[in-house]
Amino acid sequence: MRRLLAGLFGLILVGAVAGWIVTAPVTLPDAQVAQAPGDTTRGARIFWAGGCASCHAEKGAKGDGKLKLGGGAVLATQFGDFQPPNISPGPDGLAGWTLAEFDNAMRRGVSPQGRHYYPAFPYTSYARMTAADIADLFAYLQSLPAVAGKPAEGDIAFPFNIRRGIGLWKRLYLDDAPVIALPADAPQAVRDGQYLVEGPGHCSECHAPRTQFGGIDKANWLAGAPNPEGKGMIPNITPGKLTWSAAEIADYLKTGFTPEYDSVGGTMVAVQANMAQLTDADRAAIAAYLKAVPAVK
């Protein structure tokens, strides 16, 4: 009996150690971390492509209000309510952060304190961003107004409030490889659009369905999903459903008007306003990629 109990205790101990190891936060290798100082002009492009204001500015913010990133509206999900934090350059935001810490937050979902961020922060998409774009975005954020105050913590249900478990989730869903394998002769515009859609634009966070564990279902990439706000569906934007031409898609992203003379609605209003800040070339690239992805009906 003693040997049996000792063996059982040993198995439990080994399992606990193994679990602690596999769920540990993993940061970027030193050689991959953003190093060079960023450029604010280039960073503005990434800011709008990434839709930072949509979550981190006050709900309904207009004009310069979108640049005050003190924390936005709560994101309610089946796993709990997540509160976007203050990411302004003030003491309650990013003040004191290093570029390396910002990079690990963006591309690995790890805080400066070495804790996992919840994937309501779309780092599974940002993982595909380049170090240069991370540096540019950081420089731009540092140029924005400082906002005082820290939003209240979110309300996460058990067992999802055990952050350490996110480490195992990341092993399943955190991957910096492109989602769609483009052909070798794919036009550069399509490749540029892939980077914007799969990376900073994080379009799949709304437009792709999720697994039972909350990861993106890549087999149904951009094929539509339940509205995270609880009403209706986010549409399928693959060629299997979206019949607009590339030019019509690009024009919609610029003007907010559909080919049928309807206007953008719902949560897409904020997204389209962000896309309107990009160049015609960027919007054309996004459209080219959306016409090139596999059709899902």
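Just a few scattered comments:
- The requirement of being among the hydrophobic types (A, V, I, L, M, F, W, C) and within 30 Å of K291 (Cα to Cα) is satisfied by F213.
- Sole exception among (1) of a type in the set (V, I, T); (2) outside any loop (DSSP other than H, G, I, E, B); (3) modelled with pLDDT of 95 or more for I166, by number: (3)
- With respect to the conditions (1) surrounded by fewer than 17 Cβ atoms within 10 Å (Cβ to Cβ); (2) part of a loop (DSSP other than H, G, I, E, B), P119 lacks only one, and its number is (1).
- Of the criteria (1) surrounded by 14 or more Cβ atoms within 10 Å (Cβ to Cβ); (2) closer than 23 Å to P294 by Cβ, which one P183 fails: (1)
- Residue within the range 256-275 that is surrounded by 14 or more Cβ atoms within 10 Å (Cβ to Cβ), more than 22 Å from Y126 (Cβ to Cβ) and in contact with a strand residue (DSSP E or B) (Cβ under 7 Å, 6 or more places away or on another chain) present: yes
- Filtered by the rule that a residue be among the basic types (K, R), closer than 19 Å to D30 by Cα and over 14 Å from the mean Cα position of the chain (by Cα), the range 107-161 gives a lone residue, R115.
- Here the range 70-90 is the region considered, the condition is being of a type outside the set (S, T, N, Q) and at pLDDT 95 or above, and the residue that is farthest from E58 (Cα to Cα) is P89.
- Boolean, Q194 is modelled with pLDDT of 95 or more, among the polar types (S, T, N, Q), loosely packed, with under 12 Cβ neighbours inside 10 Å and closer than 20 Å to I46 by Cβ: no
- For the range 137-163, a residue qualifies if it is farther than 30 Å from T238 by Cβ, touching a helix residue (DSSP H, G or I) at 6+ places or on another chain (Cβ under 9 Å) and part of a helix (DSSP H, G or I), and the qualifying residues are F138, A139, Y140, L141, Q142.
- Flag for P145 being surrounded by fewer than 16 Cβ atoms within 10 Å (Cβ to Cβ) and out of contact with any His (no Cβ under 8 Å at 6 or more places or on another chain): yes
- Identity of the residue in the range 241-269, among the β-branched types (V, I, T) and not in a helix (DSSP H, G or I), that ends up nearest to A287 (Cα to Cα): T243
- Index of the failed condition, T243 passing every other in (1) among the β-branched types (V, I, T); (2) farther than 22 Å from P178 by Cα; (3) under 22 Å from the mean Cα position of the chain (by Cα): (3)
- In the range 168-178, the condition of being closer than 23 Å to I249 by Cβ and either assigned by TED's automatic domain parsing to the domain that holds P84 or not charged (D, E, K, R) (or both) is met by at least one residue.
- Yes/no for T238 being in a loop (DSSP other than H, G, I, E, B) and surrounded by fewer than 13 Cβ atoms within 10 Å (Cβ to Cβ): no
- Selected residue (criterion: farthest from P178 (Cα to Cα)) from residues of the range 122-136 that are not in a helix (DSSP H, G or I) and not basic (K, R): P122
- Residues that are closer than 17 Å to K297 by Cα, in contact (Cβ under 8 Å) with a residue 40 or more places away in the chain and outside any helix (DSSP H, G or I) within the range 204-223 comprise W221, L222, A223, listed in sequence order.
- Residue in the range 151-165 that is within 19 Å of L290 (Cβ to Cβ) and surrounded by 15 or more Cβ atoms within 10 Å (Cβ to Cβ) present: no
- Here the range 118-143 is the region considered, the condition is being modelled with pLDDT under 95 and in contact with a strand residue (DSSP E or B) (Cβ under 9 Å, 6 or more places away or on another chain), and the residue that is nearest to S88 (Cα to Cα) is F121.
The values are calculated or read from the model by the stated rules, or taken from the named source; none is laboratory data. Quick caveat, the model's predicted, so the values are computed rather than measured. So basically every Cβ, Gly included, is an ideal-geometry build from the backbone, and we count neighbours across all protein chains shown.
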